[in-house]
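The structure appears below as structure tokens.
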Amino acid sequence: MNGIDISSYQAELNAGIVPSDFVIIKATEGTNYINPTWEEQAGQVIQTNKLLGFYHFASVGNPIAEADFFISVVKNYIGKAILVLDFEAGAINAWGNVGARQFLNRVKEKTGINPMIYMSVEVTRQFNWSIISSTNPLWVAQYASMNPTGYQSEPWTDGKGYGAWSSAAIHQYSSAGSLANWSGNLDINLAYINANQWKSLAGSASTSNSITTEDININNTIEYEEEEMHFIQTVDTKRIYMINAGMYSWITDPGMWTNYQKAFPKAPVIPLYQAQMEKLYRKNV
């Protein structure tokens, strides 16, 4: 299936008349920003019987607070649209894979839906995503060039895989897409899932063709996160890492550290030398 993803940059676009099988719309960012045209364009998608999705652009705030904000905005479309975490930019350092997992788990907890996660192909290899790769499908971005293009049936990849994911559910292969009924550039995508699988990911009760490969029973409460979470403060470099079920992230923003302390006051802080940290987690961080 061919599709586009849009944001306020395409505020004048009529999502119903641009050729596509699906449209994924930016709904929110952080804990305050709402795309002013998201709902109008969602209506255009639904009226033309296209498949619908919404994404939240991760900022550098508390992942759980951002998930709650996203859900509060798109709540009336739960079961009608796939939900996506757009994980890029500042969130890569501020959240790491642990913060991303917290966001995804929070959405699952409150909606019953496993969101998709969007990232560049480089980020699929930057972190260990094995804990979520079986439950949260991948929407990957990898471009051959920045040249204008229409839809492609076999877009280029570097053939090096996607980290913990054996395959991507959606491939965004250009931000210079050129399609009828719109004069500007578009992000264009190829979905490797069918319409029934899309609806299953959205949580539609009328579909049974699921895209998820395993059903992992995870208790997605804050209390559970606290039980398995701890922080390492390195003695020699003064870095702080958040460790959660073997996934770890370096907290580079002091504000984020304050947020985590407030959100998880019972999580222990363990002093450790940097070399011990690197040896323990087998990654040169």
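The values are calculated or read from the model by the stated rules, or taken from the named source; none is laboratory data. Note that the structure is a prediction, hence the values are computed from the model and not measured. Note that we place each Cβ from the backbone using ideal geometry, even for glycine, and neighbour counts take in every protein chain shown. Protein only, heavy atoms only, side chains kept; ligands, DNA and RNA dropped before computing areas. Shrake-Rupley method; radii C 1.70, N 1.55, O 1.52, S 1.80 Å.
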Are any residues in segment 180-223 farther than 19 Å from A81 by Cβ, at pLDDT below 60 and surrounded by 14 or more Cβ atoms within 10 Å (Cβ to Cβ), and if so, which ones? I218, N220, I222
Checking the conditions here, which among P115, P148, P137 is open to solvent by 50 Å² or more (accessible area, probe 1.4 Å), touching a strand residue (DSSP E or B) at 6+ places or on another chain (Cβ under 8 Å) and under 30 Å from P19 (Cβ atoms)? P148
Does N49 meet the test of being without any contact (Cβ under 8 Å) to a residue 60 or more places away in the chain and either open to solvent by 50 Å² or more (accessible area, probe 1.4 Å) or closer than 29 Å to G177 by Cα (or both)? yes
When you scan segment 140-192, how many residues do you find that are touching a helix residue (DSSP H, G or I) at 6+ places or on another chain (Cβ under 8 Å), touching a residue at least 60 places away in the same chain (Cβ under 8 Å) and within 30 Å of N128 (Cβ to Cβ)? 1
V123 vs. criteria among the aliphatic types (A, V, I, L, M), open to solvent by less than 30 Å² (accessible area, probe 1.4 Å) and free of Cβ contacts under 8 Å to residues at least 40 places away in the same chain: yes
Would you check which residues across segment 1-42 are among the aromatic types (F, W, Y) and part of a strand (DSSP E or B) and list them? F22, Y33
Exception for N114 within (1) within 22 Å of I25 (Cβ to Cβ); (2) modelled with pLDDT under 95; (3) not aliphatic (A, V, I, L, M) falls at (2)
Among the residues of segment 70-101, what is the count of those that are closer than 19 Å to T258 by Cβ and touching a strand residue (DSSP E or B) at 6+ places or on another chain (Cβ under 9 Å)? 7
Can you tell me which residue among N93, N128 is polar (S, T, N, Q) and within 19 Å of E66 (Cβ to Cβ)? N93
Anything in segment 224-237 that is at pLDDT 60 or above and either open to solvent by less than 50 Å² (accessible area, probe 1.4 Å) or closer than 26 Å to R125 by Cα (or both)? List them, or say none. M229, H230, F231, I232, Q233, T234, T237
Restricting attention to segment 7-46, and to residues there that are open to solvent by 60 Å² or more (accessible area, probe 1.4 Å) and either at pLDDT below 95 or in contact with a Gly (Cβ under 6 Å, 6 or more places away or on another chain) (or both), which single residue is nearest to N181 (Cα to Cα)? D21
Subset of segment 79-100 that is part of a helix (DSSP H, G or I) and either without any contact (Cβ under 8 Å) to a residue 60 or more places away in the chain or open to solvent by less than 10 Å² (accessible area, probe 1.4 Å) (or both) - its residue that is nearest to S204 (Cα to Cα): A100
When (1) modelled with pLDDT of 95 or more; (2) outside any loop (DSSP other than H, G, I, E, B) are applied to T157, the one that fails is (2)
So, in segment 52-74, exactly how many residues are open to solvent by 10 Å² or more (accessible area, probe 1.4 Å), outside any strand (DSSP E or B), touching a residue at least 24 places away in the same chain (Cβ under 8 Å) and not β-branched (V, I, T)? 6
